[in-house]
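The values are calculated or read from the model by the stated rules, or taken from the named source; none is laboratory data. These numbers were taken from a predicted model, which means no experiment stands behind them. Heads up, the Cβs are rebuilt from the backbone with ideal geometry, glycines too, and the neighbour counts pull from every protein chain shown.
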Amino acid sequence: MKISLYSVKWFYRMKLGRADNELSPGWLSMANRLKWLKKLHLIDDGEAVGRELSFYNLERMRIFIIVILLLEFLLFLIDDYLVSQTGANHGSSFFTVFLLVILFVVSIAYLFVFDQLGKLHKANQVKNSTIKALLVSYLTLTMIWGAVFTFSAKNTGGSLAAFLIILLLGSLLMYMDSRTLLIPYLASILVFIIGHQLAPPPVQALVKHYLNLAIFLVLAWFISRNLYKAYTREFKARDLIEVQNRLLKEANQELLQEIVAREEAQKNLEIANQELVQLSLVDQLTGIPNRRSLELFLRFEWHRGLREQSSIAIIMIDIDRFKAYNDCYGHVQGDKVLARVAAALDGSRRRSTDFVARYGGEEFLFTALNIDEAGTFTLAEMIRKNVEALHIQHDASPSSPWLTISLGALTIVPGSVESYSDAIHMADLALYDAKRAGGNQTKMYRSPQDTLF
Ligand code: GH3
Ligand code: MG
Ligand code: MG
C-alpha cells in the first residue's frame with residue numbers, strides 16, 4: 001500500500017466537502033469510488049487481478065493440455081479406424097499422424113513449461129506478461145494446429161470438429177480479455193482460409209465449414225468475454241470489500257484507543273478528585289482532619305445538637321512549651337513530634353462520634369457527643385495522659401521531663417451559646433487558664449468571669 005488509508009478518508013472529505021468521518025460514503029458511486037481508490041493505489045490497478053488470473057489460467061491450461069492429449073488419442077483411434085475401414089488414403093493418414101505427433105510433442109513441452117511457470121509464479125519470480133505471452137502462444141499454436149488438422153481429412157468433416165472443440169475449449173478455459181483472444185482466433189482463421197484457398201474442398205463442404213466456424217467463433221468469443229468480465233468484476237468487488245474492511249478495522253482500532261484513553265483520563269480524574277478532597281480535608285503533616293474538616297463536622301453536629309438538644313464536648317489542646325522544643329531539637333524533629341502527638345490524640349478516640357482535628361500550629365481540637373461535664377473532664381485527662389505516656393523527652397520544659405499538653409474543655413448544648421465558634425472561644429479561655437496554672441493539666445470552662453460575653 002503506497003498511501004495511508006487515512007488519505008482516503010481525507011480525500012473523500014476534501015473532495016465532497018464533508019466534515020464527517022464517513023468511511024463508506026453512499027454519495028460516492030461505486031464506479032467513482034473504484035476510480036479514486038485506484039488513483040490512490042489502494043485497490044488494484046490491474047496488476048493484482050492479472051496475477052490472480054495468471055495463477056488460475058496456468059491451472060486451467062494444464063487441464064486444457066490434458067484434454068488436448070486425450071482428444072489427440074481419440075483422433076488417432078478414429079483415424080486408425082477409418083484407414084483400416086477404407087484401406088485407402090494413406091497419405092492423409094500419414095499427414096494426420098505427423099500432425100498428431102507434433103501436437104503431442106508441443107503439448108508435452110508446454111506442459112513442462114507451465115509446470116515450471118506455476119512454481120515461479122508462486123515464488124513471485126516471473127512477470128505476468130511472460131506467463132500471458134506463453135499462454136497465448138500455446139493457445140495460438142493449438143488453434144492453428146486445429147485449423148491445419150481440418151485439411152487432414154477434409155472429406156469426412158470430422159476433423160473440423162477437432163478444430164471447433166479446441167476453439168471452444170480454449171476460449172472457455174482461458175480467462176482472457178477479448179482483445180488478446182483475437183490473436184489465436186485470427187491466426188488460426190488465417191491459416192484456415194489460406195488452406196482452403198490452396199486446396200479448396202467441394203463447395204458444399206466449404207460452405208458448411210465456414211458456417212460452422214463462424215457460429216462457433218462468435219459463440220466462443222461471446223462466452224469467453226462474459227466469463228472474463230464476470231471474473232474481473234468479482235475480483236474488484238472483493239478488493240473493494242477488503243479495502244473497506246481495512247478502513248473499518250482501522251476506524252475500530254482508533255475508536256478502541258480513544259475509549260481506552262478516555263477511561264484512563266476518567267480514572268486519573270477520579271484519583272485527582274480524591275486527592276483534592278483528601279488535600280482539602282486532611283492535614284498534610286499529621287494525617288488527621290484539618291481545620292476545614294473540623295468546621296464541616298461542627299457545623300453539622302451543632303445543628304443536630306440544636307434539634308436534639310444533645311450535648312457536645314469541646315476540648316482545646318495545646319502542646320506545652322513547644323517553641324522551646326523546636327528551639328532545642330530543631331523544627332524537623334518538632335514536625336515529627338507533632339505527628340506523634342496527633343496520632344496519640346487520634347488513638348484516644350473511644351466512640352465512632354469522637355472527632356479530632358489539627359486546629360493550627362501546635363493546637364488540636366477534640367470533640368465528643370452526648371457527654372456530660374464529668375465525662376468530658378475524664379476524657380480530657382485520659383487524652384493528656386496518653387500524650388504524656390509517649391515519653392517524648394523535653395529537656396527545655398521546666399515542669400516535666402516529658403512533652404506535655406494543656407487542655408481547656410467544656411460541655412455545651414447548642415443553643416445555650418449562639419455558635420460553635422463561641423464554644424471554641426470558651427474552651428480556649430479554659431486552656432489559657434490551664435497554661436496559667438503551669439500547664440500539663442485540664443481546666444473546665446465554668447466560671448462566668450472567664451467569659452468575654
Ligand atoms: P505554651 O506552653 O505557652 O503553649 O508555649 P509554646 O511555646 O508552646 O507556645 P507558642 O505559641 O509561644 O509557640 C508555639 C510554637 O509552636 C511556635 C512554633 O514554632 C511551633 N509550631 C507551630 N506550628 C508548627 C509546625 O507545624 N511545626 C513545628 N515544628 N513547630 C510548629
Ligand atoms: Mg499555642
Ligand atoms: Mg504551646
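Would you tally the residues in segment 271-319 being in contact with a strand residue (DSSP E or B) (Cβ under 7 Å, 6 or more places away or on another chain), free of Cβ contacts under 8 Å to residues at least 24 places away in the same chain and within 16 Å of ligand 1 (Cβ to nearest atom)? Summing the residues that are in contact with a strand residue (DSSP E or B) (Cβ under 7 Å, 6 or more places away or on another chain), free of Cβ contacts under 8 Å to residues at least 24 places away in the same chain and within 16 Å of ligand 1 (Cβ to nearest atom) in segment 271-319 gives 1. Evaluation of S397 against the conditions (1) among the hydroxyl-bearing types (S, T, Y); (2) free of Cβ contacts under 8 Å to residues at least 60 places away in the same chain; (3) over 29 Å from E301 (Cα atoms) shows that the sole unmet condition is (2). The requirement of being within 16 Å of ligand 3 (Cβ to nearest atom) and on the phi > 0 side of the Ramachandran plot is not satisfied by G334.
Do we have S400 as of a type outside the set (A, V, I, L, M) and within 16 Å of ligand 1 (Cβ to nearest atom) here? It is true that S400 is of a type outside the set (A, V, I, L, M) and within 16 Å of ligand 1 (Cβ to nearest atom). A324 fulfils the conditions (1) of a type in the set (A, V, I, L, M, F, W, C); (2) part of a helix (DSSP H, G or I); (3) away from ligand 2 (no atom under 16 Å from the Cβ); (4) in contact (Cβ under 8 Å) with a residue 12 or more places away in the chain except for a single criterion, (3). Here is the figure for segment 400-419: residues that are within 25 Å of G330 (Cβ to Cβ), surrounded by 13 or more Cβ atoms within 10 Å (Cβ to Cβ) and not aliphatic (A, V, I, L, M) total 4. Given the condition in contact (Cβ under 8 Å) with a residue 40 or more places away in the chain and either within 30 Å of L181 (Cβ to Cβ) or outside any loop (DSSP other than H, G, I, E, B) (or both), answer yes or no: does some residue in segment 249-270 qualify? So far as segment 249-270 goes, yes, one or more of its residues are in contact (Cβ under 8 Å) with a residue 40 or more places away in the chain and either within 30 Å of L181 (Cβ to Cβ) or outside any loop (DSSP other than H, G, I, E, B) (or both). Given the structure, is Y210 part of a helix (DSSP H, G or I), modelled with pLDDT under 90, touching a His at 6+ places or on another chain (Cβ under 9 Å) and hydroxyl-bearing (S, T, Y)? Judged against the criteria, Y210 is a match.
The residues of segment 320-340 that are within 13 Å of Q393 (Cα to Cα) and either more than 11 Å from ligand 1 (Cβ to nearest atom) or surrounded by 15 or more Cβ atoms within 10 Å (Cβ to Cβ) (or both), listed by number, are D320, R321, F322, Y325, N326, C328, Y329, G334, V337, R340.
Taking the residues in segment 360-374 that are within 16 Å of ligand 1 (Cβ to nearest atom) and not in a loop (DSSP other than H, G, I, E, B) as candidates, determine which candidate is surrounded by the fewest Cβ atoms within 10 Å (Cβ to Cβ). Out of the qualifying residues, it is G360. Of the candidates A409, A357, the single residue that is within 16 Å of ligand 1 (Cβ to nearest atom), in contact (Cβ under 8 Å) with a residue 12 or more places away in the chain and in a strand (DSSP E or B) is A357.
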